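J.: Below is the structure I would like to discuss, written out as structure tokens.
The values are calculated or read from the model by the stated rules, or taken from the named source; none is laboratory data. Just so it is clear, the model here is predicted, and its values are computed rather than measured. Quick note on the areas: whole protein, heavy atoms, side chains included, nothing else; ligands and nucleic acids left out. Shrake-Rupley method; radii C 1.70, N 1.55, O 1.52, S 1.80 Å.
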Amino acid sequence: MPRPPVAMQQLADLRDQLGRIERLRLRLIDGQPVQAGDLMLLIDRARDGIAGEMRQAKARLRAARAG
């Protein structure tokens, strides 16, 4: 099966992360226990995703300035 384009995969990953954030948020609001490891993994993935988006935005900006 062919892999989806990188941008589509990134969007799917971001949707998945947002879903996880929302589920953890609801658990916190309801006073349910949350594992620290779950929070750390989510934070790490979000940080990495944001850093990747920033790199791509900078590359697009450089390309627009050069072109």
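J.: Starting from the coordinates of the alpha-carbon atoms of the chain, obtain the Kirkwood hydrodynamic radius over all distinct pairs and give the value in Å to one decimal.
T.: After inverting the pairwise mean of 1/r, the radius is 14.1 Å.
J.: Also, quick follow-up: Could you check how much of the accessible area of the chain is carbon and sulfur, as a whole percent, using a 1.4 Å probe?
T.: That share works out to 62 percent.
J.: Any chance you could list P(r) for the range 8-47, counting all Cα-Cα pairs in 10 angstrom bins from zero, rounded to whole %?
T.: 29, 52, 17, 2
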